[in-house]
Amino acid sequence: MGKIGSGSTISEGEKSQLVLEICSLSTIPIVCSHKHHFNNTVKPHFIDWYRLLGVAENSGFELIKRRYHKLALQLHPDKNKHPKAEVAFKLVSEASIPLLKCKP
């Protein structure tokens, strides 16, 4: 992600842009490198949780936790009045679960 969400205080316009960025990232298809041995006409939809949180795949636990916390505060529906803020907040929350679980 760009500079959106990187500062400690952001304007309402930046909060709205952050919501739109998060929601759009959840719709970008990710190509899975695993080969399936069966003919599946429905392609699974994967979300790149690292990209959604704006961290590298080799990021440590503390960085992921800090980034999640910052985004959660900026996207929380009580603090962000964008109509899709709740969706973006849930996506960020969902992203944090597997990433924080797999880190020591």
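Here are a few things to note about the model shown:
- Top-ranked residue of the stretch 1-25 - restricted to ones that are surrounded by 11 or more Cβ atoms within 10 Å (Cβ to Cβ), among the small types (Gly, Ala, Ser) and at pLDDT below 75, ranked as nearest to PRO77 (Cα to Cα): GLY5
- Contacts under 7 angstrom Cβ, first residue in the stretch 71-100 being in contact (Cβ under 8 Å) with a residue 24 or more places away in the chain and within 17 Å of ASP48 (Cβ to Cβ), partner outside any helix (DSSP H, G or I) and among the small types (Gly, Ala, Ser), 6 or more apart: LEU71/GLY5; LEU91/SER26
- Complete set of residues in the stretch 44-67 that are surrounded by fewer than 11 Cβ atoms within 10 Å (Cβ to Cβ) and of a type in the set (S, T, N, Q): ASN58
The values are calculated or read from the model by the stated rules, or taken from the named source; none is laboratory data. Just so it is clear, the structure is predicted and the values come from calculations on it, not from any experiment. Methodologically, a virtual Cβ is constructed for each residue, glycine included, from the backbone with ideal geometry; neighbour enumeration extends over all protein chains shown.
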